[in-house]
Structure formats: C-alpha cells, structure tokens
Amino acid sequence: NHQFNFKSASDFIAGENEDDLHKLGYANQYIYNYYLKTGIVDSIKVDRQLTPIELRWKKINNKPFLLADEPNRIFIIDQFGYIETEILKPQGATKFLDIHSNQFLVFYDMNKELLYILNRSGKIIAKSTVDSENAFSISENQLYVITNDKLKIINL
C-alpha cells in the first residue's frame with residue numbers, strides 16, 4: 001500500500017526475494033530504488049548525466065549492476081553509481097536485448113533482422129540473421145539462432 005512517484009520509473013519490479021523487490025527510477029543523476037515491502041527509498045548518484053530509454057538491474061557475478069540503455073550506447077553501472085563500461089551500439093542495432101553470462105551483450109537490428117553479439121569491450125564477436133529477436137539462445141560459448149526453420153550454432 002506504499003505510494004511512490006518517480007520520474008522515468010521502470011515498468012518492472014527488480015529483485016530476487018521479498019525484501020529486495022523494488023522499482024527503479026532515474027532523475028537528476030540519481031537512480032532511485034523504491035522497496036515495495038518497506039516503502040523505503042534510497043538513491044545512487046551516477047557519475048555522468050544519463051538520458052536512458054530503459055533502466056534495468058542485472059546481477060553479474062552475483063553483484064547488482066544497472067544497465068542504462070541510451071539511444072546509441074549502453075552503460076553498465078555498479079551499485080555505487082560508477083560507470084564500469086560504456087559500449088556503443090552497432091550501427092542499426094538500436095534494440096538492446098540483454099547481457100548474458102557476464103560477457104556477451106546482445107543487440108538486435110529490427111530492419112535487417114540481425115542479431116549482434118558483443119564482448120564486454122564492445123567488439124562484435126558474432127552476428128547472424130534471425131527470424132525474430134527471440135529466436136536465439138546463448139549457452140556457455142555458443143550462440144544458437146533459428147533462421148528459416150534451421151538451427152545454426154556459432155562458436156563465440
């Protein structure tokens with residue numbers, strides 16, 4: 001029954017257990033966490049001004065990181081508000097899908113139906129046509145994609 005009012009509030013709930021469930025917001029260089037169980041709000045100051053399209057928390061090596069998706073780049077921000085990584089999106093790949101197993105960032109070009117896999121340094125290590133943005137899976141160091149009813153396996 002708690003109330004909150006965030007600018008740029010996330011449309012999802014982050015967290016893994018009841019005490020950690022929270023909504024995210026961003027305003028004036030601060031990332032706000034609203035904890036649903038207690039109603040407590042805390043904030044994290046980011047060391048650079050952001051203009052995110054989407055904000056989402058992700059555990060990477062069991063540590064919380066904020067993924068700030070901007071129109072042309074992705075920021076990976078640690079729990080203390082410091083930008084750990086800034087990666088430019090591949091040209092045309094405007095949609096950031098996710099980061100997998102701490103090392104692979106996945107982008108999608110909707111116009112060309114291309115999937116791009118980048119390492120944490122921002123280098124493209126694989127790209128492939130896919131039937132849709134959901135027609136792929138990553139397992140350890142292999143990318144599985146479905147194109148034209150065929151399964152293709154790419155070593156990363």
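Select from region 96-106 the residues that are of a type outside the set (A, V, I, L, M) and surrounded by 14 or more Cβ atoms within 10 Å (Cβ to Cβ) and write down the one among them that is nearest to the chain's Cα centre (by Cα).
PHE96
Limited to region 24-46, what total is found for residues that are over 20 Å from PHE12 (Cα atoms) and exposed (fewer than 13 other Cβ atoms within 10 Å of the Cβ)?
Of the residues in region 24-46, 2 are over 20 Å from PHE12 (Cα atoms) and exposed (fewer than 13 other Cβ atoms within 10 Å of the Cβ).
Name the single residue, out of those in region 66-90 being more than 10 Å from the chain's Cα centre (by Cα) and closer than 24 Å to ASP20 by Cα, that is surrounded by the most Cβ atoms within 10 Å (Cβ to Cβ).
ILE77
Which residue, of LEU115, LEU151, LEU105, LEU143, is more than 29 Å from ASN61 (Cβ to Cβ) and assigned to a strand (DSSP E or B)?
Checking each option against the conditions leaves just LEU151.
Determine, yes or no, whether LYS63 is modelled with pLDDT under 90, over 30 Å from ASP149 (Cα atoms), among the charged types (D, E, K, R) and surrounded by fewer than 16 Cβ atoms within 10 Å (Cβ to Cβ).
When the stated conditions are applied, LYS63 passes them.
Can you tell me which residue is nearest to THR94 (Cα to Cα) among those in region 25-82 that are in a loop (DSSP other than H, G, I, E, B) and of a type in the set (A, V, I, L, M)?
For region 25-82, the residue satisfying everything is ILE53.
The values are calculated or read from the model by the stated rules, or taken from the named source; none is laboratory data. Fair warning: this is a prediction, and the values are worked out from it, not measured in the lab. As a convention, Cβ positions derive from the backbone with ideal geometry for all residues, glycine included, and neighbour counts pool all protein chains shown.
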